Amino acid sequence: MAADGHTGALPIDAGLARAAPRFSICTLVTDHAQYRAMVASFSANGFARDTCEFLYLDNSEGPAWDAYRGISRLMTMSQAPFIILCHQDVRLLDDGAEVLAVRLAELDALDPDWALAGNAGGTDAGDLAIRISDPHGEDQHRGALPARAASLDENFIVLNRDAPLGLSADLTGFHFYGADLCLHARLAGRSAWVIDFHLRHLSPGTKDAGFKAAQKRFEGKYRALFARDWRIRTTCARLRLKRNWLRR
């Protein structure tokens, strides 16, 4: 682990030539044993350290990084065309690197402007699309996949570097950054999708005081942003954006 206790990258296996990484697997770590088990499950399923990079931020001695700042930092550290944001308590099952590559290629054909992919989320219609095993149920498959998403669960999210996105600088905490990324994608004319990539998430999720506070901040930010018409003056035009301008 990193000597400074905050950032790090796992070394590649000794004696292996280093090619440009195919995937960057990025994680906020509070429990190093959990993280090692996560890395082992990825490595056993095709995410080898000679073709992938495992990047982490160390929160094991306290929340040095919240998700919004931490993920932004990990994105700048990564070098691969696909950035995987995942929790330390996810474990791969039968689906591995090659299955993920196939699913992402399917998105390329379906929507070349895709920016994000995950294994669970909410659709524009208000339904859930899910492909996961977790404490809520084994081998869940809900909805026709791939499904266009309005939000993505944060246990596993793939970012397409060809469609660069950022996170809100005025939000903090460890919740709703999946929805924040999806909104940023939509504002950029990009899309987010739930794909058929099955893994296990050991946690059922946490709805504590921090979750409720994060929800309040998230709703407050976007309610203020979308609640009124926008009038924008450029050097050569006056623009008026109606409140339904986000709809596609």
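The values are calculated or read from the model by the stated rules, or taken from the named source; none is laboratory data. Model, not experiment: these values are computed from the prediction. Reconstructed Cβ throughout: ideal geometry from the backbone, glycine too, with neighbour counts over all protein chains shown.
Which of the residues belonging to the range 123-172 are of a type in the set (D, E, K, R) and either free of Cβ contacts under 8 Å to residues at least 40 places away in the same chain or not in a strand (DSSP E or B) (or both)?
Taking the range 123-172 as the starting set, the residues that turn out to be of a type in the set (D, E, K, R) are 124, 127, 131, 134, 138-139, 142, 148, 153-154, 161-162, 170.
Selection gives ASP124, ASP127, GLU138, ARG142, ASP153, GLU154, ARG161, ASP162, ASP170.
Assuming ASP108 fulfils every condition listed in (1) of a type in the set (D, E, K, R); (2) assigned to a loop (DSSP other than H, G, I, E, B); (3) free of Cβ contacts under 8 Å to residues at least 24 places away in the same chain apart from one, which condition is it?
So ASP108 meets the others, but not (2).
Out of the residues in the range 41-55 meeting the condition of being among the hydrophobic types (A, V, I, L, M, F, W, C) and over 20 Å from the mean Cα position of the chain (by Cα), tell me which one is surrounded by the fewest Cβ atoms within 10 Å (Cβ to Cβ).
If we filter the range 41-55 for residues that are among the hydrophobic types (A, V, I, L, M, F, W, C), which is where we start, we get 42, 44, 47-48, 52, 54-55.
Next, from what is left, pick out any that are over 20 Å from the mean Cα position of the chain (by Cα): 44, 48.
On the way: ALA44: 12, ALA48: 15.
The residue in question is ALA44.
HIS175: within 17 Å of the chain's Cα centre (by Cα) and in a loop (DSSP other than H, G, I, E, B), yes or no?
yes
Suppose the filter is within 13 Å of the chain's Cα centre (by Cα), acidic (Asp, Glu) and closer than 25 Å to ASP134 by Cβ; does ASP180 pass it? Full working, then the answer.
On the way: within 13 Å of the chain's Cα centre (by Cα): yes; acidic (Asp, Glu): yes; closer than 25 Å to ASP134 by Cβ: yes.
When the stated conditions are applied, ASP180 passes them.
Please go through the range 43-70 and give me each residue that is out of contact with any Leu (no Cβ under 6 Å at 6 or more places or on another chain) and either assigned to a helix (DSSP H, G or I) or among the acidic types (Asp, Glu) (or both), ordered by number. Steps first, please.
The initial filter retains those residues of the range 43-70 that are out of contact with any Leu (no Cβ under 6 Å at 6 or more places or on another chain), namely 43-44, 46-49, 51-53, 56, 58, 60-64, 66-67, 69.
Within the range 43-70, SER43, GLU53, ASP58, GLU61, ASP66, ALA67, ARG69 meet the criteria.
If we keep just the residues of the range 87-105 that are assigned to a strand (DSSP E or B) and buried (at least 19 other Cβ atoms within 10 Å of the Cβ), which is farthest from the chain's Cα centre (by Cα)? So that I can check it myself, show each step before the final result.
The first filter runs over the range 87-105 and keeps only residues assigned to a strand (DSSP E or B), leaving 90-92.
Those left that are additionally buried (at least 19 other Cβ atoms within 10 Å of the Cβ): 90, 92.
On the way: VAL90: 13, LEU92: 16 Å.
Ranking the candidates gives LEU92 first.
Could you tell me whether ALA149 is surrounded by 22 or more Cβ atoms within 10 Å (Cβ to Cβ), in contact with a Ser or Thr (Cβ under 9 Å, 6 or more places away or on another chain) and aliphatic (A, V, I, L, M)?
On the way: surrounded by 22 or more Cβ atoms within 10 Å (Cβ to Cβ): yes; in contact with a Ser or Thr (Cβ under 9 Å, 6 or more places away or on another chain): yes; aliphatic (A, V, I, L, M): yes.
Taking the combined requirement at face value, the residue satisfies it.
Taking the range 188-210, which residues are surrounded by 11 or more Cβ atoms within 10 Å (Cβ to Cβ), closer than 24 Å to ALA117 by Cα and at pLDDT below 95?
We begin by selecting, within the range 188-210, every residue surrounded by 11 or more Cβ atoms within 10 Å (Cβ to Cβ); these are 188, 190-203, 205, 210.
With closer than 24 Å to ALA117 by Cα added as a condition, the list becomes 188, 190-203, 205.
Within the range 188-210, just GLY205 meets the criteria.
Residues in the range 77-86: is at least one over 30 Å from ASP108 (Cβ atoms), surrounded by fewer than 17 Cβ atoms within 10 Å (Cβ to Cβ) and touching a residue at least 60 places away in the same chain (Cβ under 8 Å)? Spell out the reasoning first.
So the first thing to find is which residues in the range 77-86 are over 30 Å from ASP108 (Cβ atoms), and the list is none.
No, the conditions are met nowhere in the range 77-86.
Scan ASP108, ASP180 and give me the residue that is surrounded by 14 or more Cβ atoms within 10 Å (Cβ to Cβ), over 23 Å from ALA37 (Cα atoms) and of a type in the set (Asp, Glu).
On the way: ASP108 fails: surrounded by 14 or more Cβ atoms within 10 Å (Cβ to Cβ).
Answer to the selection: ASP180.
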